[in-house]
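What follows draws every value from the coordinates through simple rules; no lab data is involved. Source: prediction; values computed, not measured. We place every Cβ from the backbone using ideal geometry, glycine too, and count neighbours over all the protein chains shown.
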Amino acid sequence: MVAGFEVMPGDIEKLLTPAEVADMLSLSERHLRSLTAEGSIAAINISLLGARPRYRYEPSEVEDFKSRRKVVLQEVFPTSRPASRGFSLRGASTGASSLEEIRARLVAKRTAGKK
């Protein structure tokens, strides 16, 4: 019994350290601290009252964070969006108007250099 609650084996998840979570998410501990401070990922402060905060993370919170941040590449980089300003194959220094034309010029240049 913990604080008046009956706890069954397996009910309590092992808490993860910031280093473990940062490694799981492939980011720095500093970035993890900033995500925690902004409320993007929930943490548990295990330090004594008045002491410097020491955070631990529940595995389920880490999984929730990952699922909230998951995006489909199509949503981030839609193919129907026009190219950014200042970029155009037509205006490139090669004068080529298509990728195929650029490739053909590169192949011709390479074969000419081998002769």
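Name the residue farthest towards the positive end of the dipole of region 18-70 from the options P18, S67, L35, assuming +1 on Cβ of Lys and Arg, -1 on Cβ of Asp and Glu, about the Cα centre.
The listed residue farthest towards the positive side: L35.
Sort 14-20, 64-70 for me by packing, meaning the mean count of neighbouring Cβ atoms within 10 Å per residue, highest on top.
On the way: 14-20: 14.1, 64-70: 11.3.
Ranking, from highest mean packing down: 14-20, 64-70.
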